[in-house]
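A.B. asks: To start, I am sharing the structure in question, which I have written as structure tokens.
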């Protein structure tokens with residue numbers, strides 16, 4: 001019965017995506033003077049060249065990391081929204097380590113990425129500690145910590161690592177030994193793709209194959225039952241948020257070392273917020289996170305290409321995101337059909353039992 005319920009949820013998500021796309025296509029037909037060209041660029045543009053395919057994969061990599069981070073925290077029913085700040089702080093940490101250490105080629109990026117992960121875990125861990133210690137809302141405190149991470153990070157870069165000869169508020173150039181190698185010529189797809197795949201399997205194994213992952217899921221599904229079962233739910237809550245921040249921080253470090261030669265961000269990259277959308281679409285399952293990340297990256301790149309090649313602005317993608325989020329989280333959407341589905345499966349199971 002559980003697998004049937006999961007199947008229906010995926011059917012429901014697919015219907016939601018189709019509704020959002022149809023609504024958007026209708027809107028394009030209404031507002032564009034050249035709708036055929038706009039639709040072509042939006043739907044086909046991301047795969048019409050190797051460069052565009054590379055753009056989709058490049059964006060998919062950080063979305064996968066933030067999607068995994070949010071999935072870990074949401075699995076424990078902790079609505080910690082500091083993945084954005086953890087992602088940014090992870091990149092700051094990686095830049096600082098890269099510019100202050102001199103290590104061999106293989107060791108240097110590993111140390112920088114792990115350091116970025118640890119700093120990311122601090123950003124999400126503090127709201128987690130406040131939740132455990134004083135029952136402070138992790139939703140509110142994590143939102144605040146995004147901006148604390150941003151302003152502290154900008155202060156660190158501008159006061160300790162800024163290149164005064166660059167003509168902009170950017171860091172000194174990162175050493176070549178710390179940069180991640182490119183995987184595919186004529187694109188910027190980097191070694192972070194392999195790292196992301198490793199984290200997908202690691203997160204799935206942790207959540208569904210370990211005792212800690214089981215405790216995390218039980219706490220998320222029913223914290224009272226978890227307490228009665230002897231699970232230290234406060235420890236689980238804190239651990240889930242630390243782990244989510246670590247993954248987000250690794251994502252930020254990987255993005256910096258794979259895509260840039262300096263730290264040049266002067267605003268939050270918004271990839272942590274996008275990770276929430278990815279986690280919602282993936283139902284907090286790490287296996288489905290890359291598919292959701294690929295879908296969102298495809299939409300973003302398609303919208304950018306459409307904006308450059310037609311008279312439709314790329315903000316249309318935010319309309320799609322809004323419709324998807326509203327309908328996916330609406331528990332009563334298609335609820336009647338879910339009840340019919342469950343009743344039909346239960347009736348079928350009873351008939352099979354009687355036949356035996």
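Quick note: the coordinates plus some simple rules give every number you see, no bench work behind them. Bear in mind that the values here come from a model prediction, so they are computed numbers and not experimental data. Counting neighbours? That spans all protein chains shown, and the Cβs are built from the backbone with ideal geometry, glycine included.
A.B. asks: Relative contact order for segment 219-304: what is it in percent, counting Cα pairs under 8 Å that are at least 6 residues apart? Kindly include the intermediate steps, with their values, before the conclusion.
C.D. replies: Numbers: 25 pairs, mean separation 10.6, N = 86.
The value is 12 percent.
A.B. asks: Please state the relative contact order of the chain as a whole percent: Cα pairs under 8 Å, 6+ residues apart? Please list the in-between numbers first.
C.D. replies: Details: 597 pairs, mean separation 117.5, N = 356.
Dividing the mean separation by the residue count of the chain yields 33 percent.
A.B. asks: Can you order the peptides 68-75, 176-183 by their average number of other Cβ atoms within 10 Å per residue, highest first?
C.D. replies: Values: 68-75: 29.6, 176-183: 16.5.
Sorting 68-75, 176-183 by mean packing, highest first, produces 68-75, 176-183.
A.B. asks: Label-point separation (nm) for residue 101 and residue 224, each offset 7 Å from Cα along Cα-to-Cβ?
C.D. replies: With each label point 7 Å from Cα toward Cβ, the separation is 4.7 nm.
A.B. asks: Would you compute, from DSSP H runs of 4+ residues alone, the mean residue ellipticity of the chain at 222 nm, taking -39500 (n - 2.57) per run and dividing by the full residue count, rounded to the nearest 500?
C.D. replies: On the way: 14 runs with 261 residues, N = 356.
Value at 222 nm, helices only: -25000 deg cm²/dmol.
A.B. asks: Now for a different question. How large is the convex hull of the C-alpha atoms of segment 56-298 per residue, in Å³? Before the final figure, lay out the partial values.
C.D. replies: Details: hull volume 28.7 nm³, N = 243.
Cα-based convex hull of segment 56-298, divided per residue, equals 118 Å³.
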